[in-house]
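Some notes on the structure that comes next.
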Amino acid sequence: VQLQASGGGLVQAGGSLRLSCSASGSFVIGTLGWYRQAPGKQRELVATISSGGRTVYADSVKGRFTISTENAKNAVYLQMNSLKREDTAVYYCNLEDVYSMVSWGQGTQVTVSS
């Protein structure tokens, strides 16, 4: 399984970015998700979406971020609005298949300036 993430960049506080991640290979999707890791901190969950459409969000992003999928493209997206400086991190997409095998994308940098 390979995951290719894109869409990161530099944005001013209050701005928006949309991250994309495409999965290729042989798998049956259980859950797709986005995680992030800021300098000096552990990787943390941002949002996940199950194959049934159930979503989970970190409290810090609720109401600002939206996770969605496009099944025909095996893609997952993260729409990030009202970005804050504390959202600055490397964002990783994640796929967990129905056998609980986990794959990670290469990460995409999101930098929010004040």
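Key figures for this structure:
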quantity: Full-stretch length increase - SER50, THR66 - with 0.36 nm per residue and alpha-carbon distance subtracted; calculated: 4.4 nm
quantity: Value of relative contact order over the chain, rounded to a whole percent, pairs C-alpha under 8 Å and six or more apart; calculated: 37 percent
quantity: Under 19 Å from the Cα of LYS84 - aspartates and glutamates, other chains or at least 8 residues apart; calculated: GLU44, ASP59
quantity: Alpha-carbon centroid distance for the pair the stretch 1-39 / the stretch 86-114, whole angstrom; calculated: 5 Å
quantity: Computed label-point distance, nm, for sites LYS73 and SER6 using a 7 Å Cα→Cβ extension; calculated: 0.9 nm
quantity: Accessible area per residue, Å², the chain with all protein chains present, probe 1.4 Å; calculated: 54 Å²
quantity: Modelled FRET efficiency - R0 25 Å, ASN81 with SER26, Cβ distances, 0.05 increments; calculated: 0.15
quantity: Alpha-carbon Rg/Rh ratio, for the chain, with Rh computed the Kirkwood way; calculated: 0.95
quantity: Peptides 95-103, 77-85 ordered by average Cβ neighbours within 10 Å, highest first; calculated: 77-85, 95-103
quantity: VAL46 long-range amide H proximity, modeled H, under 5 Å; calculated: TRP34, TYR35, ARG36
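The values are calculated or read from the model by the stated rules, or taken from the named source; none is laboratory data. Just so you know, these numbers come straight off a predicted model, no measurement behind them. No Cβ is skipped: glycine too gets one built from the backbone with ideal geometry, and neighbour counts run over all protein chains shown. Please note that ligands, DNA and RNA were not included when accessible areas were found on the heavy atoms of the full protein model with its side chains. Shrake-Rupley method; radii C 1.70, N 1.55, O 1.52, S 1.80 Å.
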